[in-house]
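The values are calculated or read from the model by the stated rules, or taken from the named source; none is laboratory data. What you see is a predicted model, and the numbers here were worked out from it, not measured in a lab. Backbone-built Cβ (ideal geometry, glycine too); neighbour counts: all protein chains shown.
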Amino acid sequence: MERLIQSGLPEDQAHILEIQSQDVNQAQAFTDAFLKNSMPLKQEEIQQVLVHKAVVLEYFVKKTQKKKMKKAKGLNAKQRRQMKIFDLRPEQQKYELFLPLHELWKQYIRDLCNGLRPESNPQMIQNKLLKADFHGAIITVVKSKCPSYVGTTGILLQELKHVFKIITQEDKVKVIPKRNSVFSVEIDGFVSHIYGSKFQLRSSERSAKKFKVKGTIDL
């Protein structure tokens, strides 16, 4: 039995393919009759479904792979020493070059302590200074178990865990151990003392440390 289909093929080709050509009206009538016999719906319902029904042919969500971000690794202490990152060249070892840094530090301390006035609470200022950054401060060694350090004064260039690195007015860079030394810092008439043996922390660690008041402190 030849298949019924709407086709515009020539008769000889339709015969070979066993296709019986139909006009539009015949094809529409065949389709309506097929749907009526196959679906338990009325003609109006069938048309409603065919017109408004959305047919999803394919739905594909492409999965994206999350790229792992590599955290940048900083240099360790050994690498920094080998690269001499913090070393000053001879032409940079000038006391006057760091005077602007000292002025910035003084303004930083004034802002930190909400102004330094005669009526300011010394205990409050001391607590603020314990957690402050001292880079740029002028510090003086007032006591030490090594007498040669006593009286050394200079602008603090670098604070490490166990030492202060300062530059003196004679344009000399000195490395002073914190241990067994007491340092004084003066700003606007306020003098604060730093007991190096209790101050063996990096500045970043000191800002989060809780200091306890102790009755006596030895070198």
Which is at pLDDT 80 or above, part of a strand (DSSP E or B) and buried (at least 17 other Cβ atoms within 10 Å of the Cβ), of VAL175, VAL191, VAL185?
VAL185
Test for LEU50: is it at pLDDT 70 or above and among the hydrophobic types (A, V, I, L, M, F, W, C)
no
Every residue from the stretch 119-131 that is free of Cβ contacts under 8 Å to residues at least 40 places away in the same chain and hydrophobic (A, V, I, L, M, F, W, C):
MET124
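Every residue, every condition in (1) hydroxyl-bearing (Ser, Thr, Tyr); (2) loosely packed, with under 10 Cβ neighbours inside 10 Å; (3) modelled with pLDDT of 65 or more, yes or no:
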site: ASP32; (1), (2), (3): no, no, yes
site: ILE46; (1), (2), (3): no, no, no
site: ALA54; (1), (2), (3): no, yes, no
site: TYR59; (1), (2), (3): yes, yes, no
site: LYS62; (1), (2), (3): no, yes, yes
site: ARG89; (1), (2), (3): no, yes, yes
site: GLN93; (1), (2), (3): no, no, yes
site: LEU97; (1), (2), (3): no, no, yes
site: LYS106; (1), (2), (3): no, no, yes
When residues of the stretch 126-161 are filtered for being closer than 11 Å to SER203 by Cα and among the polar types (S, T, N, Q), how many remain?
1
Against the condition touching a residue at least 60 places away in the same chain (Cβ under 8 Å), over 23 Å from LEU201 (Cβ atoms), in contact with a Leu (Cβ under 8 Å, 6 or more places away or on another chain) and not in a strand (DSSP E or B), how does LEU116 come out, does it pass?
no
When every residue in the stretch 145-159 that is over 41 Å from the mean Cα position of the chain (by Cα) and touching a residue at least 24 places away in the same chain (Cβ under 8 Å) is compared, the one nearest to LEU97 (Cα to Cα) is CYS146
Based on what the data block shows, is GLN82 within 28 Å of the chain's Cα centre (by Cα), part of a helix (DSSP H, G or I) and on the phi < 0 side of the Ramachandran plot?
yes
The number of residues in the stretch 181-194 that are of a type in the set (Phe, Trp, Tyr) and closer than 14 Å to GLU159 by Cα is 1
